[in-house]
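Here's the structure we're looking at; comments come further down.
The values are calculated or read from the model by the stated rules, or taken from the named source; none is laboratory data. This structure is a prediction, so every number in the text was calculated from the model and none was measured. With ideal geometry, Cβ positions are generated from the backbone for all residues, glycine too; neighbour counts draw on all protein chains shown. These area figures cover heavy atoms from the full protein model, side chains too; ligands, DNA and RNA do not enter into them. Shrake-Rupley method; radii C 1.70, N 1.55, O 1.52, S 1.80 Å.
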Amino acid sequence: LRSLKEELSTKAIHGEMTDRDALSGRLKIYASSTPGVRSISVADAEGLFVASSHPALIGISSHQRAYFHSAKALKDPNVLIISEPFNTKLGESIVQFARPVFDASGAFQGSVYATLEPMFYTSLLKSI
């Protein structure tokens, strides 16, 4: 997430608009090559998913979730926010990892999210 967040921060600094279809394709490659990751998504400053490795997530808003508010409020570009487990609209329990994206002036531009496969973190937690 860190390298993707840094790339998006650079584009925000330079005012470049990212091709969302191309970004979604890149996110799909990142997600499929990272063990335990179900999806990687990018949300704008309003919490709307604008690109994702999982196309069904595009257009869904995260603005009501605590992890979105934390990313926006903390104003720390290095923070990793981990949500509490919650149920998706499909009834699956997931955990979101988020890194906020800021422009050069420190304005919040959105967040990069990774969602773990439930079986990955369930197995991990059982081993502790």
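Please go through region 46-116 and write out the trypsin sites (Lys or Arg not before Pro) that DSSP classes as loop and that have at most 14 other C-beta atoms within 10 Å. Before the final figure, lay out each step's value.
Values: sites: R65, K72, K75, K89; in loops: R65, K75, K89.
Taking region 46-116 and a limit of 14 other Cβ atoms within 10 Å, the loop trypsin sites (Lys or Arg not before Pro) found are K75, K89.
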3J(HN,Hα) from dihedral phi, region 60-65, Karplus parametrisation 6.51/-1.76/1.60, rounded to Hz, x for glycine, proline
7, 9, 10, 4, 8, 7
Quick one: which residues, 5 or more positions from Q96 or on another chain, have an amide H under 5 Å from its amide H? H modelled 1.01 Å from N in the peptide plane, none for Pro or chain starts.
S83
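Only Cα pairs under 8 Å and at least 6 apart count here; give the relative contact order of region 35-128 as a rounded whole percent.
Taking the mean separation of contacting Cα pairs over the length of region 35-128, I get 30 percent.
Per residue, how large is the accessible surface of region 20-75? Use a 1.4 angstrom probe and give square angstrom. It would help to have the intermediate numbers written out before the result.
Working: 2980 Å² over 56 residues.
On a per-residue basis, region 20-75 sits at 53 Å².
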Might you work out the accessible area of F120 for me, using a 1.4 Å probe with all protein chains in place, and round it to the nearest 10 Å²?
90 Å²
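What does the charge count around Y67 come to, taking other residues whose C-beta lies under 12 Å from its C-beta (Lys +1, Arg +1, Asp -1, Glu -1)? All intermediate terms of the calculation are to be shown ahead of the outcome.
Working: positive: R65, K72, R99; negative: E84.
Taking every Cβ under 12 Å from that of Y67, the sum is +2.
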Quick one: which residues, 5+ away or cross-chain, put their amide H under 5 Å from the amide H of F102? H built at 1.01 Å from N.
Q109
What residues have an amide H closer than 5 Å to that of V37, excluding those fewer than 5 places away on the same chain, when H is modeled at 1.01 Å from N in the peptide plane?
E117
